[in-house]
1. Output the residue which, of all residues in segment 139-161 that are more than 15 Å from the chain's Cα centre (by Cα) and surrounded by fewer than 20 Cβ atoms within 10 Å (Cβ to Cβ), is modelled with the lowest pLDDT.
2. Just give me the residues in segment 189-229 being charged (D, E, K, R) and in contact with a strand residue (DSSP E or B) (Cβ under 9 Å, 6 or more places away or on another chain), in sequence order.
3. Among all residue pairs at least 6 apart or on different chains, which show Cβ distances below 6 Å where the first residue, located in segment 135-157, is free of Cβ contacts under 8 Å to residues at least 60 places away in the same chain and the second is in a helix (DSSP H, G or I) and surrounded by fewer than 17 Cβ atoms within 10 Å (Cβ to Cβ)?
4. Could you list, in sequence order, the residues of segment 167-177 that are in a loop (DSSP other than H, G, I, E, B) and under 16 Å from L36 (Cα atoms)?
5. Filter segment 42-79 down to the residues that are out of contact with any Gly (no Cβ under 7 Å at 6 or more places or on another chain), of a type outside the set (D, E, K, R) and over 12 Å from L5 (Cβ atoms) and list them by number.
6. Can you tell me which of (1) among the charged types (D, E, K, R); (2) closer than 30 Å to S11 by Cβ; (3) touching a residue at least 12 places away in the same chain (Cβ under 8 Å) is the one K183 doesn't meet?
7. Restricted to segment 31-66, and to residues that are in contact with a strand residue (DSSP E or B) (Cβ under 6 Å, 6 or more places away or on another chain) and of a type in the set (D, E, K, R), which residue is modelled with the lowest pLDDT?
Amino acid sequence: MTHRLELKNISKSFGEVKSLQNITMHVDQNEVVGLLGDNGAGKSTLIKIITGYHQPDTGELFFNGQKVNHLTVPKARELGVETVYQERALADQQTLWRNIFLGRELRNRFGFLDVNKMVEETNRLMIESMGFTSGAVAADSVIKNFSGGEKQGVAIVRALYFKADLIVLDEPTMGLSLQETRKLIEFVKGIKRAGKSAIFIDHNVFHVYSVADRVIVLDRGTVAGEFLTKDITLNDLTEKMYHVAETGHLD
């Protein structure tokens with residue numbers, strides 16, 4: 001099976017600091033991969049390479065089996081990569097439908113904004129992808145009144161609507177309440193139901209374990225371990241994380 005994303009021997013340094021060293025990993029079709037590691041493990045640098053913000057010093061990137069050279073942010077988006085940041089980059093004063101289509105508005109055959117179509121699509125997405133059934137939330141609801149988890153859900157659904165094949169979730173649970181986090185986890189499960197893939201980055205092992213098919217542990221710029229969540233308990237994974245943090249290896 002062709003991997004949706006594959007990295008081979010990716011390394012990246014900033015001056016004397018080796019942020020990544022020979023990272024080899026992949027994300028399959030219809031898979032959620034958790035990316036765990038302490039601060040300084042290399043998670044942010046790795047994601048910036050996958051999304052085209054940084055160029056690796058060495059190594060190769062493949063999307064759907066095709067090697068990609070000199071990946072840029074526009075090229076990554078063209079290849080179906082979208083990022084949902086912890087800052088939830090939404091326009092708080094705007095309505096839900098405007099946020100879904102922000103910067104990529106639908107137009108009619110005369111070139112004018114097709115507001116009716118965007119509202120119609122937003123209402124459909126709210127039910128089919130976001131799981132909203134309450135009449136209190138509508139396409140013309142203002143985003144600032146949404147909970148943190150709902151805002152993250154809007155960002156995820158926006159990515160899915162615009163045909164993202166790989167959604168990168170960068171610390172999406174930061175600052176969320178328990179109830180909001182639970183709703184966010186359901187949105188992430190919706191990514192798989194849509195047949196897409198995700199990389200879920202988080203400090204919280206529990207959040208990642210609850211939704212990931214596979215977990216990759218980074219430590220000091222290297223892959224310290226990789227586990228299928230079906231083959232390891234949460235307690236065992238947590239213990240291994242502690243061991244890696246203390247010793248730098250799994251053994």
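The values are calculated or read from the model by the stated rules, or taken from the named source; none is laboratory data. Quick caveat: nothing in here was measured; it's all calculated off a predicted structure. All Cβ positions, even for glycine, are placed from backbone atoms using ideal geometry, and neighbour counts span all protein chains on display.
1. For segment 139-161, the residue satisfying everything is S147.
2. K189, K192, K196, D202, D213, R214, D219, R220, E226
3. Cβ pairs passing all conditions: A139/N123.
4. E171, P172, T173, M174
5. S44, T45, G52, Y53, H54, Q55, P56, T58, G59, N69, H70, P74
6. K183 satisfies all of (1) among the charged types (D, E, K, R); (2) closer than 30 Å to S11 by Cβ; (3) touching a residue at least 12 places away in the same chain (Cβ under 8 Å) except (2).
7. K43
One line per residue, one yes/no per condition, for (1) polar (S, T, N, Q); (2) in contact (Cβ under 8 Å) with a residue 24 or more places away in the chain:
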| position | (1), (2) |
| --- | --- |
| V27 | no, yes |
| I49 | no, yes |
| G59 | no, yes |
| F63 | no, yes |
| H70 | no, no |
| T83 | yes, yes |
